[in-house]
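These notes concern the structure reproduced below.
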Amino acid sequence: MPDSIDHHIKSIQPKLQLLLKKYALLEKENMHIKNENENYNSREKELMIKIITLEQQVNILKASTGTLDGNEKINFEKDINRYIRNLDKCIAMLNK
């Protein structure tokens, strides 16, 4: 009976070692994928900011040339008004 148990333990031990190695590799791969995901998310945010900036520049150029259509003009005026309100809030905070 004890030989049987020892035999089972010895047969399980290499399998357990292999499982631990695979687990370590998967954990390392998971960390690598998480880092890549973080980098992609960061890059996406940078690109979204760039897109917004470029869209604002296009609107400013259109406004300066007078080629805004009805909806673009309304949206542009809303943006300008929002910027003015934010500036007014900042000025009010500075005056306190």
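The values are calculated or read from the model by the stated rules, or taken from the named source; none is laboratory data. Since the model is a prediction, treat every value here as computed from it, not as a measurement. Heads up, the Cβs are rebuilt from the backbone with ideal geometry, glycines too, and the neighbour counts pull from every protein chain shown. Heavy atoms of the whole protein, side chains included, go into the accessibility calculation; ligands, DNA and RNA do not. Shrake-Rupley method; radii C 1.70, N 1.55, O 1.52, S 1.80 Å.
Put a dot 7 Å past each Cα toward the Cβ at I12 and K50; how far apart are the dots in nm?
Between K50 and I12, the label points sit 5.6 nm apart.
At 1.4 Å probe size, with every protein chain present, just tell me what the per residue accessible area of the stretch 9-96 comes to in Å². Display every interim value, and only then the final one.
Details: 8340 Å² over 88 residues.
That works out to 95 Å² for each residue.
What GluC sites (Glu not before Pro) does the chain have in DSSP loop regions with at most 16 other beta carbons within 10 Å? Could you put the intermediate results ahead of the total?
Working: sites: E27, E29, E36, E38, E44, E46, E55, E72, E77; in loops: none.
In loop regions of the chain (DSSP not H, G, I, E or B), there are no sparsely surrounded GluC sites (Glu not before Pro).
What are the ³J(HN,Hα) values, in whole Hz, obtained from phi via the Karplus relation 6.51 cos²θ - 1.76 cosθ + 1.60 with θ = phi - 60°, for each residue of the stretch 87-96 in sequence order, with x given for Gly and Pro?
For the stretch 87-96, the Karplus curve yields 5, 4, 5, 5, 4, 5, 5, 5, 7, 6 Hz.
What FRET efficiency do you get for D88 and V58 if R0 is 35 Å and r is their Cβ-Cβ distance, rounded to the nearest 0.05? Display every interim value, and only then the final one.
Numbers: r = 26 Å, r/R0 = 0.74.
E between D88 and V58, to the nearest 0.05, is 0.85.
Could you give each residue of the stretch 68-77 its phi-based ³J(HN,Hα) in whole Hz, using Karplus coefficients 6.51, -1.76, 1.60 with θ = phi - 60°, and x for Gly or Pro?
6, 7, x, 5, 5, 5, 5, 5, 5, 5
Across the stretch 1-68, how many lysine pairs, 8 or more apart or on two chains, come within less than 25 Å at their alpha-carbon atoms?
Numbers: K10/K21; K10/K22; K15/K28; K21/K34; K22/K34; K34/K45; K34/K50; K50/K62.
Taking the Cα cut-off of 25 Å, the pair count is 8.
For E27 and D79, compute 0.36 nm times the residue count separating them, minus their Cα-Cα distance, and round to one decimal in nm. Could you put the intermediate results ahead of the total?
Numbers: separation 52, 0.36 × 52 = 18.72 nm, distance 4.71 nm.
Contour length minus the Cα-Cα distance gives 14.0 nm.
So how tilted is helix 2-65 from the main axis of the chain? Cα-based, degrees 0 to 90, rounded to 10.
That helix lies at roughly 10 degrees to the long axis.
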